[in-house]
Amino acid sequence: MARTSPSLMHVALVQLIESLGGTATTTQVERWQQHGWLLPTSDWCEPDGRLRPEILGRGLWLANTARAGRSIGWLGWVFWAIDDTPGTAKRLRTALVDTLKRPLARAGIDQIPTGNSNKAFRARQDAAAKMLKNRRSPRRDLDETLRAHAAEARLELPRSSAPALPNIFHRALLDPGARLLLGGAADVGAQDLLEALEQAMPDNTEAIERLRDALLQAELAGTDLLAQSPLAQGITGMVRTIETVEDRALCHAVRICTEASGVVAVLMRRASERPEILALLMEYAMWEQWARVGGILPESPAAVAAAAVAINTFQYLTMPDWAADLDGYLSFMKALREATEEAEE
């Protein structure tokens, strides 16, 4: 079948991109639309017929970033979340669920063993061991690395006033983390969790003791704190949340989490020349509870960054206080980004 001629709108967008120094073809524009990164051409224009600025801006970005045969990964989620249509929400659900399940797929686990029997429990333990086989913790200590760089610039970074938390990728947390993902809180005892945290937080015995006491007091009161956690159902519960949440709420959560990741990446790049930016970022509790704990880094491998955004999205949807804190931190970071831009002009 002969290929149809490109639409006038496709040609016009390509010409505008080229007039601004970019390079694109109508075939590329069609492919961007097929991926859902650009809206249908019927949504491209203002009422007066002019091309919407955000369409041109997105086209320029894609011309500089997207390459044939290569995925742009979680960056494509940004556009789906912004457009917030039933179609883009469906794409988001699929991408997020695939990302959350990737550790299972990588280990060859097609289905999580279910049930409360000893046989099912042992099967989940074996599956967790498969997930961890040949797996290395991908993260160094972010805080100490940044402090070392800041010290070279004769800047002392502040210590967070929030209780110190371990990075989720800490080696000591990989085993209980894998068991939690597969079997939920029922497969990870409080003692196992405490022992793992003691290894991940050797300098925070006071925080460990507070947690130990809280777990004990809850147990005496007949309450299981682990069972009340958003992670109590493991990856099954996480996937269920993503699959059942309303479209608009899902798109909003992804939009906030991807924007926050993008803004902090910009600020950390600027901090190489202006380390005082780091001092400002680290004054807030969300540095500890989001950036450091979640492994947010500009140079993170694409798969690690996607996993962080997917987990953040789940947290945003299930932890209202955490979501409100991230909203506030994002507003602060955007103001800081604008202030640093003005200072550079």
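Evaluate E = 1/(1 + (r/R0)^6) for Gln199 and Trp322, where r is the Cβ-Cβ distance and R0 equals 22 Å; express this FRET efficiency to the nearest 0.05. Mind dumping the intermediate values first?
Details: r = 25 Å, r/R0 = 1.12.
According to the calculation, E is roughly 0.35.
Would you please give the residues with an amide H less than 5 Å from that of Ile112, counting only those at least 5 places away or on a separate chain, with H modeled from the backbone geometry?
none
What's the whole-number percent of alpha carbon pairs in region 190-345 lying beyond 24 angstrom?
Details: 5594 of 12090 pairs.
Beyond 24 Å sits 46 percent of the P(r) for region 190-345.
Just tell me which lysines come within less than 28 Å, Cα to Cα, of Lys90; anything on the same chain fewer than 8 places away is out.
In chain and number order, the partners are Lys101.
In nm, to one decimal, how far is the modelled label at Thr41 from the one at Glu259, with both set 7 Å along Cα→Cβ?
Taking the two extended label points, one gets 3.1 nm.
May I ask you to derive the FRET efficiency for Glu18 and Thr244 from their Cβ-Cβ distance with R0 = 45 Å, giving the value to the nearest 0.05? Walk me through the intermediate numbers first.
On the way: r = 44 Å, r/R0 = 0.98.
Taking R0 as 45 Å, the efficiency between Glu18 and Thr244 is 0.50.
Relative contact order for region 1-72 using alpha-carbon pairs under 8 Å, separation at least 6, rounded to a whole percent? Display every interim value, and only then the final one.
On the way: 46 pairs, mean separation 22.3, N = 72.
With pairs under 8 Å counted, the relative contact order is 31 percent.
How charged is the neighbourhood of Ala196? Take every other residue with its Cβ under 15 Å from the Cβ of Ala196, and add Lys/Arg as +1 and Asp/Glu as -1.
Values: positive: Arg171, Arg179, Arg212; negative: Asp175, Asp187, Asp192, Glu195, Glu198.
Summing Lys/Arg as +1 and Asp/Glu as -1 gives -2.
Please work out how much length the chain gains when fully extended from Glu30 to Gln228, using 0.36 nm per residue of separation minus the C-alpha to C-alpha distance, in nm with one decimal. Provide the component values of the computation, followed by the final result.
On the way: separation 198, 0.36 × 198 = 71.28 nm, distance 4.69 nm.
Full extension of this stretch gives 66.6 nm more.
Near the amide H of Cys45, under 5 Å away, which other amide H atoms are found, from residues 5 or more places off or on another chain, if H is placed in the peptide plane?
Arg52
No value in this document is a laboratory result; all are computed from the given coordinates. None of the values given here were measured: they were computed from a predicted structure. A quick note on method: Cβ atoms are made from the backbone with ideal geometry, for glycine too, and the neighbour counts reach across all protein chains shown.
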